[in-house]
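Colleague: Sharing a structure, written as structure tokens. Questions coming.
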Amino acid sequence: NGLDDDGNGWVDDVNGWNFVANTNVSTPSTADDNHGTSVAGVAAARGNNGVGVVGASSGTPVLSARIFSGSAVASDADIAAAIYYAAGRTRNGLGTWMAADICNHSWGGGAASTAISAAFLWATTQGRQGRGAAQMIATGNGYGAVTFPATESLTNPGVIAVGAVTHRGEMSDYSNYGAALDVVAPSDDAR
């Protein structure tokens, strides 16, 4: 309706926000952008609707904070803004709003960023209206050391670094590993 109905600073963000294009259109722009949608489906897809899939927490609301769009990637400052947004910090940074209880970050790599680290610290301690929002972060897909930002788990107890295991209980052939790894989730050997 062109209004900021929830007072969070983002107009018409009923389905989330695209931090690459700075718009409320957060749906995938290319077929390569479907990863987050798939992950959200595994977590929260509604069952009993004839589609043939049900999420682990069927029907749970999902909030999108897009940081990739085709070949474009949000800046470190915009990625930090997306983390703040998902955890419930208002756009102006002066207040909070009811956003996500748990945040999934199925991305990683690149150099460490103080802006992103600060956003994760705020999210885990002040997010969810002062209660802290857990941050689940993929360890990476290079079968090597855990990459940033999952390495935040070493210094931030609210960050949980997630790797992958096969149906045999063995580390998936792509999953990163090391001291920063907290938990593993079922996957396969295919990237």
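The values are calculated or read from the model by the stated rules, or taken from the named source; none is laboratory data. Because the structure is a prediction, the values reported are computed rather than measured. Please note: Cβ atoms are built from the backbone with ideal geometry, for glycine as well, and neighbour counts cover all protein chains shown. The accessibility values were calculated without ligands, DNA or RNA, using every heavy atom of the protein model including side chains. Shrake-Rupley method; radii C 1.70, N 1.55, O 1.52, S 1.80 Å.
Colleague: Could you tell me the accessible area of Ile67 in Å² (1.4 Å probe, neighbours in place), rounded to the nearest ten?
Modeller: Ile67 exposes around 20 Å² with every protein chain in place.
Colleague: For the chain, what does the helix formula give at 222 nm: sum of -39500 (n - 2.57) over DSSP H segments with n ≥ 4, over the residue count, nearest 500 deg cm²/dmol? Intermediate values should be presented prior to the final figure.
Modeller: Values: 3 runs with 39 residues, N = 191.
Per the formula, -6500 deg cm²/dmol.
Colleague: Among Asp12, Asp76, Asp32, which one shows the highest mean-square fluctuation when the chain is modelled as a Gaussian network with alpha-carbon springs under 10 Å?
Modeller: Of Asp12, Asp76, Asp32, the most mobile in the Gaussian network model is Asp32.
Colleague: Over the chain, with a Gaussian network built from C-alpha contacts below 10 Å, which listed residue (Ala44, Ala138, Ala111) shows the highest mean-square fluctuation?
Modeller: Judging by the Gaussian network model, the answer is Ala111.
Colleague: Net charge within 13 Å of Ile160 by Cβ-Cβ distance, Lys/Arg positive one each and Asp/Glu negative one each, not counting Ile160 itself? Present the calculation step by step, with values, prior to reporting the outcome.
Modeller: Values: positive: none; negative: Glu152, Asp182.
Net local charge, Ile160 excluded: -2.
Colleague: Then there is this: Report which label in (i) 40, 24, 14; (ii) 26, 21, 16; (iii) 78, 12, 11 holds the value of semi-axes √(5λ) of the Cα gyration tensor in Å derived from the coordinates of this structure.
Modeller: Matching entry in (i) 40, 24, 14; (ii) 26, 21, 16; (iii) 78, 12, 11: (ii).
Colleague: Quick check: from the Cα gyration tensor, does segment 32-120 come out rounded (a/c under 1.5), prolate or oblate? Write out the running numbers ahead of the final one.
Modeller: Working: a/c = 2.66, a/b = 1.54, b/c = 1.72.
Taking the square roots of the gyration eigenvalues as a ≥ b ≥ c, segment 32-120 is oblate.
Colleague: Can you give the relative contact order of segment 1-158 as a percent, counting alpha carbon pairs under 8 Å and 6+ residues apart?
Modeller: Values: 283 pairs, mean separation 28.1, N = 158.
Once normalised by length, the contact order is 18 percent.
Colleague: Let me ask you something else. For Val39, Val25, Val159, give me the order by solvent-accessible area with a 1.4 Å probe, most accessible first, ignoring ligands, DNA and RNA.
Modeller: Working: Val39 45, Val25 85, Val159 5 Å².
Order by accessible area, largest first: Val25, Val39, Val159.
Colleague: Also, quick follow-up: Out of Asn24, Ala86, Ala74, whose Cα points farthest toward the positive end of the dipole of segment 1-131 (charges: +1 Lys, Arg; -1 Asp, Glu; placed on Cβ)?
Modeller: Highest projection toward the positive end goes to Ala86.
Colleague: Using alpha carbons only, how many angstrom separate the centre of segment 101-143 from the centre of segment 19-94?
Modeller: If you average the Cα positions of each part, the centres end up 14 Å apart.
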